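These notes concern the structure reproduced below.
Read-outs throughout are calculated quantities, based only on the coordinates presented, and are distinct from any laboratory measurement. Model, not experiment: these values are computed from the prediction. Every residue, glycine as well, gets a Cβ built from its backbone with ideal geometry; the counts of neighbours run over all protein chains shown.
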Amino acid sequence: MKKEKKFVQIPSEEKARMVAEWLTDKQGENIVIMDVSKISSVTDMTLIVSARGVKHAQALANQLLEKAAENSIEFLGMEGQQTGEWILVDLNDVLIHVFIDELREFYNIEGMWAEAPRLEA
């Protein structure tokens, strides 16, 4: 008997664009998709999205969990959900940083990955 795969296999770029769409549906702002596959050993794509506040950030993170489950996409973990100022969602080959605006500027993840190619969301 053939064992069924628990999670769907989606190319990283396609998954990142799908995640960006889910974030847009929940009014996520200033979404940036970076291809870090050639410069990171941890993930292939990194997304950054701004939230209007803590509750909005938490709602964006919850949206990602719900949509990942609905679409059988592997979810490895989440950090920062309680405080909601910076939430990291790990979908294996796609990492999502949900920031409230002030912290996004402070941590400047885009600057840290300046050499990573940007994709259209």
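When the expected Rg is taken as 2.2 N^0.38 Å, what fraction or multiple of it is the alpha-carbon Rg of the range 1-87?
Details: Rg = 13.9 Å, N = 87, 2.2 N^0.38 = 12.0 Å.
For the range 1-87, the normalised Cα radius of gyration comes out at 1.16.
Note on residue 55: aspartates and glutamates with a C-alpha under 16 Å away, same-chain residues under 8 apart excluded, are 25, 29, 79, 85, 101, 102. Quick check: the angle from helix 54-70's long axis to the longest principal axis of the chain, C-alpha only, nearest 10 degrees? In the chain, helix 54-70 runs at an angle near 10 degrees to the longest axis. Can you give the angle from 0 to 90° between the axis of helix 12-25 and the longest principal axis of the chain, with both taken from C-alpha atoms, to the nearest 10? The helix 12-25 is inclined about 50 degrees to the chain.
Each peptide in 81-92, 65-76 was scored by the mean count of other Cβ atoms within 10 Å over its residues; highest first, the order is 81-92, 65-76.
Calculated mean residue ellipticity at 222 nm for the chain: -10500 deg cm²/dmol, from DSSP H runs with n ≥ 4 weighted as -39500 (n - 2.57), summed, divided by the residue count and rounded to 500.
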